[in-house]
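Heads up: the structure comes next, in structure tokens.
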């Protein structure tokens, strides 16, 4: 540890953390639904992770370890603030009440709006299993719940999305190219949704 | 027509969209604040642990 430019030690878990920053930000955004809050959450989690590096077992999945710290931070500060309650169905219905034009961009916004209006447990489960590719078992471990609980959250979340989107007659065909834009838009405006 | 099939296709689309949304966000450039934070944490470590 003499010079900053000495070769990085691949065994040093501190060097690996940086490679998980992107996924941490994506996961944080799916929980907070707000870009600024998401990055604050990532920052808090990084500090905690760094201080608790001793609890990381080398050779195990660091992303799972970091995600666990992140979601625990999220839920504990959420409990403290106690301002966000699982979304009542009314909000989701309201957000989708406007009939979308037959335009891919609006369709994508609807997709993300529908996702963002799922209860946080379902957003979390879908992010871990559907989006990040963790197994049900890994996700259950990370969330401290039974495997069956994760499965049912994933299934309910997915079913709810299908239901919301089918009822809007959303055309999925145009959707895939618009995802990034929708995520950015969703991040930008979600302050309003959460407030 | 085939509702079951249509539903399966929708679910598959949802999975793909979530995956892609997640990936795009994950691949965004990481804000400088995080690199600075990590550098700062590392410096603190080195300061407190001395050499070794």
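The values are calculated or read from the model by the stated rules, or taken from the named source; none is laboratory data. What you see is a predicted model; the values in this text were computed from it and never measured. We place every Cβ from the backbone using ideal geometry, glycine too, and count neighbours over all the protein chains shown.
Would you be able to say whether some residue in the range A:66-89 is modelled with pLDDT under 50, surrounded by fewer than 11 Cβ atoms within 10 Å (Cβ to Cβ) and not in a loop (DSSP other than H, G, I, E, B)? Checking the range A:66-89: not a single residue is modelled with pLDDT under 50, surrounded by fewer than 11 Cβ atoms within 10 Å (Cβ to Cβ) and not in a loop (DSSP other than H, G, I, E, B).
For residues that are more than 7 Å from chain B (Cβ to nearest Cβ) and surrounded by 12 or more Cβ atoms within 10 Å (Cβ to Cβ), scanning just the range A:7-23, find the one that is modelled with the highest pLDDT. Among them, the one singled out is A:20. If you go through the range B:11-33 and keep only what is over 19 Å from residue A:30 (Cα atoms) and touching a helix residue (DSSP H, G or I) at 6+ places or on another chain (Cβ under 9 Å), you end up with just B:33. Within the range B:8-37, the set of residues being within 7 Å of another protein chain (Cβ to nearest Cβ), more than 17 Å from the chain's Cα centre (by Cα) and modelled with pLDDT of 90 or more comprises just one member, B:37.
Candidates are the residues of the range A:39-58 that are within 9 Å of chain B (Cβ to nearest Cβ) and within 18 Å of residue B:26 (Cβ to Cβ); the one that is surrounded by the fewest Cβ atoms within 10 Å (Cβ to Cβ) is A:43.
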